[in-house]
1. Sort 58, 208 so the one with the fewest other Cβ atoms within 10 Å of its own Cβ comes first.
2. Among 57, 42, 187, which comes first, then next, by fewest other beta-carbon atoms within 10 Å?
3. So how compact is segment 131-194: Cα radius of gyration and Dmax in angstrom?
4. Among 136, 101, 31, rank each residue by its count of other Cβ atoms within 10 Å, from fewest to most, as a rough exposure measure.
5. Bin width 10 Å, origin at 0, all Cα-Cα pairs of segment 34-165: what percent of pairs per bin?
6. Pick from 88, 38, 67: which is most flexible by mean-square fluctuation in a GNM of the chain where alpha carbon atoms under 10 Å apart are linked?
7. Out of all DSSP beta bridges in the chain, what portion is antiparallel? Express it as a percent rounded to 5.
8. At q = 0.12, 0.13, 0.17 Å⁻¹, what log₁₀ I(q)/I(0) does the chain have when each alpha carbon counts as one equal point scatterer in the Debye sum?
């Protein structure tokens with residue numbers, strides 16, 4: 001069977017698995033990144049599903065699939081908001097870390113050591129999260145096809161990744177990996193970055209309709225990420241399955 005799993009990428013992240021929940025460790029950039037991602041995702045979910053509730057568990061009854069969940073940095077907040085969360089990752093070590101951490105926090109999350117094409121389930125999901133994952137997979141078309149098969153009609157999907165531009169090479173690779181050492185050297189392969197128009201075309205071909213595209217930019221002075229119209233480095237596409 002054709003696979004989306006890139007063994008080199010899995011090995012790379014497996015080596016770092018024990019550091020997922022260390023806010024000052026190798027995954028510090030993702031911890032800083034999380035608030036703006038969660039804000040964007042929850043805002044679009046509320047709009048799409050016409051949720052007016054402001055209570056803490058407003059995601060009640062919504063089935064969420066977090067692909068490439070790592071140690072559970074997004075799965076856990078989604079579960080706390082009431083979502084019925086399944087997190088999958090091709091790294092067994094990541095899943096082990098995620099299971100231990102969620103159990104410690106009394107969160108009911110179904111964690112599975114699988115890639116999306118390996119996930120055999122009769123149920124389909126209301127929401128799929130593809131966050132900083134498509135730039136690490138082996139076959140983006142197969143990956144998106146698998147997502148299409150796992151999401152309900154009119155389900156909402158979030159795909160966050162990196163644009164393939166000169167500025168993204170300077171900031172995300174030279175800056176983040178070699179100069180600032182925010183990320184281990186070799187975390188990203190610039191050739192696997194994908195332009196927004198390329199990703200949007202692939203999504204359209206897979207029967208998804210784009211609802212919104214937003215840039216996510218780091219503001220050094222404030223030391224936080226903000227939404228922006230600038231798609232030159234990090235961006236997120238919110239799409240609906242037709």
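Bear in mind these aren't lab numbers, they're just calculated from the coordinates by the rules spelled out. A quick note: this is a predicted structure, and the numbers were derived from the prediction, not measured. Here the Cβ positions follow ideal geometry from the backbone for every residue, glycine too, while neighbour counts run over all protein chains shown.
1. 58, 208
2. Placing the least packed residue first, the sequence is 57, 42, 187.
3. Calculated on Cα positions, Rg and Dmax stand at 14.2, 44 Å.
4. Details: 136 22, 101 19, 31 15.
Ranking 136, 101, 31 by Cβ neighbours within 10 Å, fewest first, gives 31, 101, 136.
5. Computed distribution, short to long bins: 12, 46, 35, 7, 0.
6. Of 88, 38, 67, the Gaussian network model singles out 38 as fluctuating most.
7. Beta bridges within the chain, antiparallel portion: roughly 55 percent.
8. -0.64, -0.77, -1.46
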